[in-house]
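The values are calculated or read from the model by the stated rules, or taken from the named source; none is laboratory data. All of these numbers come straight from a predicted model, not from anything done at the bench. Positions of Cβ are backbone-derived with ideal geometry, glycine not excepted, and every protein chain shown enters the neighbour counts.
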Amino acid sequence: RGDGFVDSERFGYITASYELAKGYSDTLLSIGCWNYIAKEDREDASYYKVVISSSDSMAKFLQEVVESCDKRYKKILTFCNRSKNRLNDRDVMPLNIIKQTYSLLKNLRIADGYFVNSIKKKQNAHVKKVNHYLNLIEKHLNNISLDMHSQILRRKLNITLKELSSAYGCCTASIRNLEKRNDPKYLKILKKRAQNKLQRCKQLLLDLKKFTTSDLRLVTVKSIKKIPNKDIKWVYDVTVEPNHTFISE
């Protein structure tokens, strides 16, 4: 049998049956509550905790599962409120998303160096942090217009003097003079490049936000084991333990 639990940092269900724990996990996932299974060895036996993870899942669990008359309701409510302002849950973005986000920040010259250590150490980052910087990028791009002054447009999109001088066929030092004179040929080149870069940046931003704001949840795979399968001819999914999630074709 199983029962609910609330300890100093986590809450969910606990049972001595691994099969029941998997059943709890699947049921919670079916209502949109992300969770993971943690094994706890005690003197009398081994127990399995189905732990609710992420602030959104905690709030959903409180709303749809816990009754207000339950003596643990207030404590779980406290957990939910505290979780909103903390980055200690397991909702992370992979390194390639972080690299693309940081590359976009650098390309627009609005990077503050936040992701440098994560990239250097090949670490993941919390989705809230990634979305924070994607929102900064979106705000920056939305404030750019092709009709703004050429110097401001060039700087906001970080279009280099070298790039423009090469396209114009002049030395780098001449670009500022052309800019001051509103040279028609120069303005045409600048606006064309600005338009192309703005479109590329907006498309990349859209692709990244589709991923970071989706219902996908990610876990780090630490090891892979091949298990002999003698009785069943075909296997269509790969189970990820201890979360009891799976990758399927």
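Name the pairs: first residue in segment 168-191 and outside the structural domain of GLN151 (by TED's automatic domain parsing) and more than 17 Å from MET148 (Cα to Cα), second residue crowded, with 18+ Cβ neighbours inside 10 Å and among the small types (Gly, Ala, Ser), Cβ to Cβ under 6 Å, at least 6 apart or on different chains?
Close Cβ pairs (under 6 Å, with a partner that is crowded, with 18+ Cβ neighbours inside 10 Å and among the small types (Gly, Ala, Ser)) do not exist here.
Check whether at least one residue in segment 127-141 is under 30 Å from ASN182 (Cβ atoms) and loosely packed, with under 11 Cβ neighbours inside 10 Å, and report yes or no.
Among the residues of segment 127-141, at least one is under 30 Å from ASN182 (Cβ atoms) and loosely packed, with under 11 Cβ neighbours inside 10 Å, which makes the answer yes.
Residue check, ILE98 against (1) at pLDDT below 90; (2) in contact with a Ser or Thr (Cβ under 7 Å, 6 or more places away or on another chain), all met but one. Which one?
Among (1) at pLDDT below 90; (2) in contact with a Ser or Thr (Cβ under 7 Å, 6 or more places away or on another chain), ILE98 violates only (1).
Scan segment 154-165 and give yes if some residue there is assigned to a helix (DSSP H, G or I), in contact with a Lys or Arg (Cβ under 8 Å, 6 or more places away or on another chain), surrounded by fewer than 19 Cβ atoms within 10 Å (Cβ to Cβ) and not basic (Lys, Arg), otherwise no.
Taking every residue of segment 154-165 in turn, at least one turns out to be assigned to a helix (DSSP H, G or I), in contact with a Lys or Arg (Cβ under 8 Å, 6 or more places away or on another chain), surrounded by fewer than 19 Cβ atoms within 10 Å (Cβ to Cβ) and not basic (Lys, Arg).
Just the residues that are hydrophobic (A, V, I, L, M, F, W, C) and either assigned to a helix (DSSP H, G or I) or surrounded by fewer than 17 Cβ atoms within 10 Å (Cβ to Cβ) (or both), please, taken from segment 7-36.
ALA16, LEU20, ALA21, LEU28, LEU29, ILE31
Hey, any hits in segment 70-87 for a residue that's buried (at least 17 other Cβ atoms within 10 Å of the Cβ) and part of a strand (DSSP E or B)?
No; the residues of segment 70-87 include none that is buried (at least 17 other Cβ atoms within 10 Å of the Cβ) and part of a strand (DSSP E or B).
So, in segment 91-120, exactly how many residues are hydrophobic (A, V, I, L, M, F, W, C) and assigned to a helix (DSSP H, G or I)?
The qualifying residues number 7.
Determine which member of the set LYS210, LYS202 is of a type in the set (D, E, K, R), within 30 Å of SER55 (Cα to Cα), in contact with an Asp or Glu (Cβ under 9 Å, 6 or more places away or on another chain) and not in a loop (DSSP other than H, G, I, E, B).
It is LYS202.
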